[in-house]
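Student: First, the structure itself, so that you have it in front of you.
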């Protein structure tokens, strides 16, 4: 029996890809860099993904990611501009950005009526909370498990162990039985952080395969959905 749901934020509830495209288009115009096209977004996705995987493996820090990300993107695009200046612009805009994934509010409304619902995200604490507020979905969550606040990030066991401790502290206050990892499910779009971390921690999994790739890298994932509304079929 599932008692608690952990939900990733970016590209699970909030459309980070749509935000990036908008910010690249507007930022390139603002700084007179280039005329944006979607091939540039694909370069960003590749660079950003590689850097986040390094961060998840502990090979770089979050500060190093912020320092180097746009310099690496601009280098790949052949654009000569200070990446740290663009990073500041990018993050300032991101703070107030909340483009909802289709079905996000509906599934949160459904889940919050049945389970303990918690946000579980890598990223800056205040930024992620503000984006949930801007998107009108902040109130659905009982806990906000954000890597900056925790001091550890997905997929580390430290991150998920923190989540379990907090859930059980709350259960104890309510006079409820302890919550087991097998009674928690992690819903997210990342195999490397969401699914890997949950599996290592004994937490059940739902992979949000929003592009319908069907790829799981052979991981023992419990559920796969390509639309958030399909979560209703098993929760």
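Quick note: the coordinates plus some simple rules give every number you see, no bench work behind them. The structure presented is a predicted model; accordingly, all values stated were derived computationally and were not measured. Glycine gets a Cβ as well: all are built from the backbone with ideal geometry, and neighbour counts include every protein chain shown.
Student: Between helix 83-95 and the chain, what is the angle of the helix's C-alpha long axis to the longest principal axis, kept within 0 to 90° and rounded to the nearest 10?
Tutor: 40
Student: Can you give me the Cα centroid spacing of the stretch 1-33 and the stretch 77-135 in angstrom?
Tutor: That distance is 6 Å.
Student: Could you grab the relative contact order for the chain? Cα pairs under 8 Å, six or more apart, rounded to a whole percent. Before the final figure, lay out each step's value.
Tutor: Details: 354 pairs, mean separation 53.1, N = 235.
The value is 23 percent.
Student: Give the relative contact order (percent, whole number) for the stretch 103-235; include only Cα pairs under 8 Å separated by 6+ residues. Each step should come with its number before you reach the end.
Tutor: Numbers: 183 pairs, mean separation 26.7, N = 133.
Averaging sequence separation for qualifying contacts and normalising by length gives 20 percent for the stretch 103-235.
Student: Going by how many other Cβ atoms sit within 10 Å of their own, how do 159, 81 line up, fewest first?
Tutor: Ranking 159, 81 by Cβ neighbours within 10 Å, fewest first, gives 81, 159.
Student: I need the Debye-formula profile for the chain: one equal scatterer per C-alpha, no solvent, reported as log10 I(q)/I(0) at q = 0.10, 0.12 1/Å, two decimals.
Tutor: -0.47, -0.68
Student: Taking the chain as the reference, fit the longest principal axis to its C-alpha atoms, fit the long axis of helix 157-173 to the helix C-alpha atoms, and give the angle between the two in degrees, 0 to 90, nearest 10.
Tutor: 40
Student: Okay, moving on. What is the extension gain from residue 170 to residue 41, computed as 0.36 nm multiplied by their sequence separation minus the C-alpha to C-alpha distance, in nm to one decimal? Write down the numbers at each step before the final one.
Tutor: Working: separation 129, 0.36 × 129 = 46.44 nm, distance 4.17 nm.
So the extension gain works out to 42.3 nm.
Student: Note down the nm distance, to one decimal, between modelled labels 7 Å out along Cα→Cβ at residue 96 and at residue 2.
Tutor: For residue 96 paired with residue 2, the spin-label model returns 3.5 nm.
Student: Follow-up. Along its three principal axes, how long is the stretch 95-145 when you only count alpha carbons? Whole Å, largest extent first please.
Tutor: For the stretch 95-145, the Cα extents along the three principal axes come out at 29, 22, 15 Å.
Student: Specify the angular offset, from 0 to 90 degrees and rounded to the nearest 10, of the alpha carbon long axis of helix 16-30 from the longest principal axis of the alpha carbons in the chain.
Tutor: For 16-30 against the chain, the angle is about 20 degrees.
Student: Here's another thing I want to ask about it. What is the P(r) of the stretch 134-235, as percent of Cα-Cα pairs per 10 Å bin from 0?
Tutor: 14, 41, 37, 7, 0
Student: Grab the eigenvalues of the alpha-carbon gyration tensor for the stretch 16-95, scale each by 5, take roots, and send me the semi-axes largest first in whole angstrom.
Tutor: Working: eigenvalues 80, 33, 31 Å².
Computed over the stretch 16-95, the values are 20, 13, 12 Å.
Student: Taking R0 as 22 Å, what FRET efficiency do you get between residue 84 and residue 161 from their Cβ-Cβ distance, rounded to the nearest 0.05? All intermediate terms of the calculation are to be shown ahead of the outcome.
Tutor: Working: r = 34 Å, r/R0 = 1.55.
With R0 = 22 Å, the Cβ-Cβ based efficiency is 0.05.
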